[in-house]
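Chemist: Right, I'll just put the structure down here and ask away after.
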Amino acid sequence: MNEKKAKKLFKKYVNNNCSQVEKELLERFLESYQGEDEQMSNFKFDGQVKQEIWNKIAKKTESPTKTRNINFNRSVLKYAAIFIGVVGLGLVFNFLRIQEDKSPELLIEDNAIVLKTSNNQSKKIIVGNGEAITDADGNVLASQDNDQIVYHGKPTQELVYNEIIIPKGKTFELKLSDGTLVHLNADTSLKYPVSFVEGKDRRVFLKGEAYFEVAKDSLHKFVVEAKDMDVQVLGTHFNVSSYANEEAYAVLAEGSVAISDKREETMNEDLSFLKPGQKAAMTEGALVISEVDIHDYLNWRNGDLTFNNESFKDIIKKIERRYGVRIENGYTELEAVRFRGYFENETIQDLLDTFKESAEFDYEITNNHILIKKPV
């Protein structure tokens with residue numbers, strides 16, 4: 001059992017949500033402790049103590065009212081920390097300590113995904129639903145299945161656009177009429193034709209971040225207009241990021257793309273071509289191409305966060321988008337400090353506590369607002 005899975009299992013146990021099988025699994029881990037570590041053995045973690053720990057933890061979970069404010073006393077925390085270490089759950093100790101301090105629970109706003117149609121109508125898209133998307137005349141344009149909308153291409157001579165808007169805290173998928181699959185990141189909008197027109201480029205307009213798996217079509221280029229750059233392909237996989245007030249870039253996973261810089265001060269007719277594993281960034285005054293680890297730029301599709309030598313100021317923006325929260329940084333000295341890290345679907349509390357240990361800051365939670373403070 002890896003740390004992530006074990007951590008989730010322990011949290012289920014302290015919230016009294018474990019199945020009998022899961023409880024037996026935890027018990028086997030507890031019984032497997034051999035006391036070989038000198039530091040651990042100082043606590044005399046023998047069978048009698050293990051049973052006492054287990055009884056105390058179980059007692060704390062017997063309340064029928066489910067709550068995340070788990071108020072272990074100090075002695076139980078000490079032994080629980082030993083148990084957690086046995087099964088590789090070091091981070092859970094921080095979780096329990098936070099709950100002991102009775103920190104307020106973070107309330108995430110559930111903002112809706114919005115689809116805007118050509119007649120300026122707005123429709124809320126509920127993830128998990130399955131329904132038809134129609135035009136003003138009742139004609140079926142697309143169908144939704146859980147977290148994806150699929151457009152059904154029909155011959156047309158006129159470009160009719162829809163726009164989908166993804167709020168912070170959510171991601172979504174869109175399959176365009178030509179079969180192109182688009183993974184949309186949080187805080188992103190994409191404007192696209194309901195059906196592409198024969199003889200014209202397949203052109204979409206992006207604000208935010210998206211990963212494109214473009215359907216091959218040798219007769220029709222696929223063009224992503226994003227901020228001050230165009231990304232042109234015939235059929236390939238690539239990521240584009242164009243958030244406001246952030247560096248715009250494209251990263252190529254496979255195939256080939258051509259990048260054009262549309263800024264007036266740098267614009268020319270030359271195209272820059274990317275190879276797989278390369279990034280084209282719209283830096284000040286130039287389009288810069290570099291070799292990168294593409295996984296650092298694609299992990300968001302799995303709900304993960306990667307920080308590769310990024311400033312705390314930029315990291316805050318990513319955290320806000322990923323979790324749908326507002327973060328106010330009252331510790332401005334941290335803004336320029338750079339961090340590296342990788343988080344797999346962690347809760348925002350776990351993420352903040354990890355940063356808290358290394359960056360040495362305090363934070364307060366009020367509803368979905370997080371205030372980062374300089375430690376006293």
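The values are calculated or read from the model by the stated rules, or taken from the named source; none is laboratory data. Quantities reported herein were computed from a predicted structural model and do not represent experimental measurements. We place every Cβ from the backbone using ideal geometry, glycine too, and count neighbours over all the protein chains shown. Heads up: the accessible areas ignore ligands, DNA and RNA and are worked out on the full protein's heavy atoms, side chains in. Shrake-Rupley method; radii C 1.70, N 1.55, O 1.52, S 1.80 Å.
Chemist: Filter the stretch 275-290 down to residues that are modelled with pLDDT of 90 or more and not aliphatic (A, V, I, L, M) and give me whichever is most open to solvent (accessible area, probe 1.4 Å).
Modeler: Only one residue fits best here, namely Lys275.
Chemist: Go through the stretch 177-196 residue by residue and tally those that are open to solvent by less than 10 Å² (accessible area, probe 1.4 Å) and either touching a His at 6+ places or on another chain (Cβ under 9 Å) or of a type in the set (S, T, N, Q) (or both).
Modeler: 2
Chemist: So how many residues does the stretch 200-223 have that are open to solvent by less than 70 Å² (accessible area, probe 1.4 Å), more than 16 Å from Ser256 (Cβ to Cβ) and under 26 Å from the mean Cα position of the chain (by Cα)?
Modeler: 7
Chemist: Among the numbered criteria (1) at pLDDT below 95; (2) among the β-branched types (Val, Ile, Thr); (3) in contact with a strand residue (DSSP E or B) (Cβ under 9 Å, 6 or more places away or on another chain), which one does Ile164 miss?
Modeler: All conditions pass for Ile164, except number (1).
Chemist: Of the residues Asn239, Asn245, which is within 26 Å of the chain's Cα centre (by Cα), of a type in the set (S, T, N, Q) and on the phi > 0 side of the Ramachandran plot?
Modeler: Asn245
Chemist: Let me ask something else. Hey, Gly199 hits all of (1) touching a Gly at 6+ places or on another chain (Cβ under 8 Å); (2) part of a loop (DSSP other than H, G, I, E, B) but one; which does it fall short on?
Modeler: That leaves (1) as the condition not met.
Chemist: Follow-up question, since we're still on this one. Checking the structure you have, find out if any residue of the stretch 225-247 is touching a residue at least 40 places away in the same chain (Cβ under 8 Å), surrounded by fewer than 22 Cβ atoms within 10 Å (Cβ to Cβ) and under 23 Å from Asp147 (Cα atoms).
Modeler: yes
Chemist: Which residue, of Lys279, Lys275, Lys262, is within 30 Å of Asp350 (Cβ to Cβ) and charged (D, E, K, R)?
Modeler: Lys279
Chemist: Also, quick follow-up: For the stretch 113-132, name all the residues that are surrounded by 15 or more Cβ atoms within 10 Å (Cβ to Cβ) and in contact (Cβ under 8 Å) with a residue 24 or more places away in the chain.
Modeler: Selection gives Ile113, Val114, Leu115, Lys116, Thr117, Ser118, Ile125.
Chemist: To continue, here is another question. When you scan the stretch 365-376, how many residues do you find that are open to solvent by 80 Å² or more (accessible area, probe 1.4 Å) and in a strand (DSSP E or B)?
Modeler: Going through the stretch 365-376 one residue at a time, the tally reaches 1.
Chemist: Among (1) touching a residue at least 12 places away in the same chain (Cβ under 8 Å); (2) outside any helix (DSSP H, G or I); (3) touching a Leu at 6+ places or on another chain (Cβ under 7 Å), there is one condition Arg322 misses while meeting the rest; what is its number?
Modeler: Just one mismatch for Arg322, condition (2).
Chemist: Among the numbered criteria (1) closer than 23 Å to Lys200 by Cα; (2) open to solvent by less than 40 Å² (accessible area, probe 1.4 Å), which one does Leu305 miss?
Modeler: It fails just one condition, (1).
Chemist: Tally up the residues in the stretch 335-364 that are in contact (Cβ under 8 Å) with a residue 60 or more places away in the chain and open to solvent by less than 20 Å² (accessible area, probe 1.4 Å), please.
Modeler: 3
Chemist: With the condition kept exactly as written, say whether any residue in the stretch 255-274 is touching a helix residue (DSSP H, G or I) at 6+ places or on another chain (Cβ under 9 Å) and surrounded by 14 or more Cβ atoms within 10 Å (Cβ to Cβ).
Modeler: So far as the stretch 255-274 goes, no, none of its residues is touching a helix residue (DSSP H, G or I) at 6+ places or on another chain (Cβ under 9 Å) and surrounded by 14 or more Cβ atoms within 10 Å (Cβ to Cβ).
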